[in-house]
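Q: Structure incoming, see below.
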Amino acid sequence: MGVVNVTPDSFSDGGQYDDPQRAVAHGLQLLADGADILDVGGESTRPGATRPLLAEELDRVVPVIEELAAGGAVVSVDTMRAEVAARAVEAGAQIVNDVSGGLADPAILDVVARTGVTYVAMHWRAHSDRMQQLTDYDDRGVVEAVRAELADRVAAIRAAGIADERIVLDPGLGFAKLPHHNWELLRGLDQLAELGFPLLVGASRKTFLGRLLADGSGEPRPVAEREAAGVALSALLAAGVGGTPVWCLRVHDVRAHRDALAVAAQWNTQNADRAATGKERA
Ligand code: PMM
């Protein structure tokens, strides 16, 4: 999944594609680079961000989705608002990617149920101005807590009439998480997969990677210089190192992450071949 942020203020690429034509051109480039899905968003969720008005969000995403979907792309809309989801689906989006998992605007679940699109529900606790005050995961630990909170969201999603085959779950890296929480979640993906749904992971360019690569004085690595660490992580996740290959990786530099997927696929093929040969011998 390639990211098309039509925002002036996203932490990863804010302001680069906030004009619709530039956003469409970027989406087409991501497709050429090997993206299967384009995730078009008009609201920045960086820590501390203030929300755009509904009209602003619509103006940002609808024309971009219309054009990309008309060209045949599988488009996902990254929104927490029911109205934006409805208009995006009308414009051709086939997936609603809701970072709030239906908590910010519960009516979004009715839109998804009515339109029959796929729904990505991310683990979330509050809007960006407040989320980093909500990083307490008590004695259960972050993996158990996120699993339980996602299970609650699944119950609400099912109650709205959305079929299991259309639900995807996401641990929400960087959302109400401290750096070590993100690593624990990545190591615990198999426990989240036990809920029975495909997993989407968005690690690309996030702060926990910047902190991992901090310089000697503790200054995090700038956003634009975190790509290689994200690519390494994609290779591990795609190879299923944590026990569960993820269904979808949400990334900015699609070409580099595609290379990581090629490495992971080759790795897994060779392992499968060796296992088969071993069986024949046995
Ligand atoms: N992260 C961001 C935005 N949308 N959607 C999903 N499903 N998962 C994520 O981790 C996620 C998301 C924030 O990152 P950005 O500023 O790079 O878009």
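The values are calculated or read from the model by the stated rules, or taken from the named source; none is laboratory data. Predicted, not measured: the structure shown is a model, and the values here were computed from it. Positions of Cβ are backbone-derived with ideal geometry, glycine not excepted, and every protein chain shown enters the neighbour counts. Remember, those area values only see protein heavy atoms, side chains included, never the ligands or the DNA or RNA. Shrake-Rupley method; radii C 1.70, N 1.55, O 1.52, S 1.80 Å.
Q: Being hydrophobic (A, V, I, L, M, F, W, C), farther than 30 Å from Ala224 by Cβ and either in contact (Cβ under 8 Å) with a residue 60 or more places away in the chain or in a loop (DSSP other than H, G, I, E, B) (or both) is the filter here; which residues of the stretch 157-209 pass it?
A: Ala160, Ile162, Ala163, Leu195, Phe197
Q: So, one more: Among the residues of the stretch 81-97, what is the count of those that are open to solvent by 10 Å² or more (accessible area, probe 1.4 Å) and in contact with a Ser or Thr (Cβ under 9 Å, 6 or more places away or on another chain)?
A: 5
Q: Continuing with the same structure: Taking the conditions exactly as written (crowded, with 18+ Cβ neighbours inside 10 Å and of a type in the set (S, T, N, Q)), does Thr118 satisfy them or not?
A: When the stated conditions are applied, Thr118 passes them.
Q: Within the stretch 206-259, work out how many residues are closer than 26 Å to Gln16 by Cα, open to solvent by 30 Å² or more (accessible area, probe 1.4 Å) and among the small types (Gly, Ala, Ser).
A: 4
Q: State all residues of the stretch 89-120 that are within 15 Å of the ligand (Cβ to nearest atom) and of a type in the set (Ser, Thr, Tyr); if no residue qualifies, say none.
A: Residues satisfying the conditions are Ser100, Thr118, Tyr119.
Q: Residues of the stretch 224-269 being assigned to a helix (DSSP H, G or I), among the small types (Gly, Ala, Ser) and more than 14 Å from the chain's Cα centre (by Cα), which ones?
A: The answer is Ala224, Ala228, Ala229, Ala232, Ala235, Ala238, Ala239, Ala256, Ala260, Ala262, Ala264, Ala265.
Q: Do we find that Arg60 is touching a Phe, Trp or Tyr at 6+ places or on another chain (Cβ under 9 Å) and among the basic types (Lys, Arg) in this structure?
A: no
Q: Shifting gears a bit: Restricting attention to the stretch 92-99, does a residue exist that is touching a Leu at 6+ places or on another chain (Cβ under 8 Å) and more than 14 Å from Gly42 (Cα to Cα)?
A: yes
Q: Taking the criterion of being modelled with pLDDT under 95, over 19 Å from the mean Cα position of the chain (by Cα) and either of a type in the set (Gly, Ala, Ser) or under 17 Å from Arg46 (Cα atoms) (or both), would at least one residue in the stretch 162-170 satisfy it?
A: no
Q: Among the residues of the stretch 1-60 satisfying the criterion of being surrounded by 14 or more Cβ atoms within 10 Å (Cβ to Cβ), among the polar types (S, T, N, Q) and without any contact (Cβ under 8 Å) to a residue 24 or more places away in the chain, which is nearest to the ligand (Cβ to nearest atom)?
A: Gln16
Q: Going by what's in this entry, would Ala73 be described as closer than 20 Å to Leu200 by Cβ, under 16 Å from the mean Cα position of the chain (by Cα) and touching a residue at least 40 places away in the same chain (Cβ under 8 Å)?
A: no
Q: While we're here: If I ask for residues that are in contact with a Phe, Trp or Tyr (Cβ under 8 Å, 6 or more places away or on another chain), within 13 Å of the ligand (Cβ to nearest atom) and open to solvent by 20 Å² or more (accessible area, probe 1.4 Å), which ones from the stretch 140-174 would you list?
A: Gly174
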